[in-house]
Amino acid sequence: MSIHIEAKPGEIADFVLLPGDPLRAKFIAENLLDNAVCYSQVRGMLGFTGTYKGKRVSVQGTGMGLPSHLIYVNELISDYGAKTLVRIGTCGGMRDDIKVRDVIMAVSASTDSSIISRAVNGMSYAPTASFDLLLKAAEGAKKLGLTLKAGNVLSSDIFYHDVEITDPYAVWRKFGVLAVEMETAGLYMQSSRFNVQALSLLTVSDHLITGEHCFPSERQTAFMDMVKVALTLLD
C-alpha cells in the first residue's frame, strides 16, 4: 500500500492504463475487462485490475496536470512494480491537419512546466516515448483499420490562459506541435528515469482553431478507438 493507492502487493498488473478521469477508468474496467476488481478508491481516484484476452491489465485514474499524474506514476512504478504505463487521455488539437476525434500517438512531449527542468538542474530534457511501444501501437492501429497521427505534443501547466493573450499556442504551432494536454511529459520523464516503458495515446476532444469539441456525454464512448489501440500493446 502506498500513500495514494490502497492496493495490496500483487493487486496491480505490470501493464497499467492511465486515464486522467477516474470514471473513465471505471468505464473501461466494466466494459472491456473481465473479472475487474477495484483495488483503490483513495481520494476518489479509482483503480481496477482485470484481464483482457486472458492477460492482466490495471487501469488507474491519475487526475489532471503533471503534479497529480506524477504522484500516481511514481507510486505505480516504485511501490507496485509497474513495467508498462500507457496514458489514454484527451487533448486539444492546434493544427489544421489535426481533427476532433483523431487519435494522436505522442512520440515526444514539450512542456511549459518547470517540473521537468527542475529534475535536471535547470537544463532542458526531451521526454520521449518508448520506441517498442510506438512500433507496436502503430502496428496495432493498422490491424484495427485506424490511422494514428504521430508527433510532438505540449504538456502544459495552464488550462485557462489570460484573456489578453490572443494565441498562447502560436509558438508551439510554429514548431510543429500537434496538440496540447497536461501530463505526457511527466510520464515520459519518469519512465525514462525508472527504465520502464511508456506511451501516451490521446484523443482530440476539442480544437483550438476551429472551436469544435466533443460533448461531455461522448467522452466515455467516443474515445474507444484510443483504448483499443492501447490494449493491442498486450499482444
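Where a number appears in this text, it was derived from the coordinates with a stated rule and is not lab data. None of the values given here were measured: they were computed from a predicted structure. Cβ atoms come from the backbone with ideal geometry, glycine included; neighbour counts cover every protein chain shown.
Counting every C-alpha pair in segment 160-235, the share spaced more than 21 angstrom apart comes to 47%.
Taking each DSSP H run with n ≥ 4 as -39500 (n - 2.57) and averaging over every residue of the chain yields -8000 deg cm²/dmol at 222 nm. Amide H contacts for L33 (H built 1.01 Å from N in the peptide plane; partners 5 or more residues away or on another chain; cut-off under 5 Å): none found.
Considering only chymotrypsin sites (Phe, Trp or Tyr not before Pro) in DSSP loops that have at most 13 other Cβ atoms within 10 Å, the longest stretch of the chain without any of them is 1-158. Build a GNM of the chain with springs between Cα atoms under 10 Å apart, and of G50, G89, G61 the one that fluctuates most is G50.
Work through the residues other than A7 whose Cβ is under 10 Å from its Cβ and net out their charges, Lys, Arg +1 and Asp, Glu -1. Write out the running numbers ahead of the final one.
Values: positive: K8; negative: E6, E11, E75, D79.
Spelling it out: positives minus negatives among the neighbours equals -3.
Principal-axis analysis of the Cα atoms of the chain puts helix 66-78 at an angle of about 30° to the longest axis. Residues whose amide H falls under 5 Å from that of S40, counting only those 5 or more places apart or on a different chain, are G47, with hydrogens built in the peptide plane.
Counted by Cβ distance under 10 Å from D102, the other residues give a net charge of +1, where Lys and Arg count +1 and Asp and Glu count -1. 3J(HN,Hα) along segment 197-205: 8, 8, 8, 10, 10, 10, 9, 6, 9 Hz, from the Karplus curve 6.51 cos²θ - 1.76 cosθ + 1.60 with θ = phi - 60°, whole Hz, x for Gly and Pro.
To one decimal place, what Kirkwood hydrodynamic radius in Å is obtained for the chain from all pairs of distinct Cα atoms?
17.7
Local charge for L148 was computed over the other residues whose Cβ lies under 14 Å away, with Lys and Arg +1 and Asp and Glu -1, and equals +3.
For the chain, lysine pairs with C-alpha atoms less than 21 angstrom apart, excluding pairs fewer than eight positions apart on the same chain, total 27.
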